[in-house]
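The values are calculated or read from the model by the stated rules, or taken from the named source; none is laboratory data. This one's a predicted model, so the numbers in the text were calculated from it and none came from an experiment. No Cβ is skipped: glycine too gets one built from the backbone with ideal geometry, and neighbour counts run over all protein chains shown.
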């Protein structure tokens, strides 16, 4: 009787261990699988500026730091552009992505072109946008942290 009881307890213990291993494996697979985020055309990025500095034409050559704000943009595949939403300094503008450094899946790209009576240059790398612009109003720079939700 003791032998039967021992064999039964060993069988149950082995089954429980297999179930635990399966649950742990599935949990790790789900956690690691969900952690992989791939950027794609049409994604919307929500950004919080950490730096917004500028020198306006009438500022006597003095740099001014402005209150950083929030803004958003999306990647438009048809136009190969960053399309900004209303608000902040980008206010509903579109600027062309450059094909020499264009990898939305790796979250790396650059953009440049004509912008509000001047020129603009931007660089995005894995959640960080760095932007500079010159125009007849002056110059300004923005650095922002961006995320997709």
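Yes or no, residue by residue, for (1) at pLDDT 85 or above; (2) closer than 16 Å to residue 145 by Cα; (3) loosely packed, with under 10 Cβ neighbours inside 10 Å:
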| residue | (1), (2), (3) |
| --- | --- |
| 24 | no, no, no |
| 31 | no, no, yes |
| 44 | yes, yes, no |
| 50 | yes, yes, no |
| 55 | yes, no, no |
| 70 | yes, yes, no |
| 104 | no, no, no |
| 107 | yes, yes, no |
| 110 | yes, yes, no |
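In the set (1) in a strand (DSSP E or B); (2) within 20 Å of residue 41 (Cα to Cα); (3) modelled with pLDDT of 90 or more, residue 95 fails one condition alone, (3). For region 72-98, residues that are more than 14 Å from residue 109 (Cβ to Cβ) and surrounded by fewer than 14 Cβ atoms within 10 Å (Cβ to Cβ) total 5.
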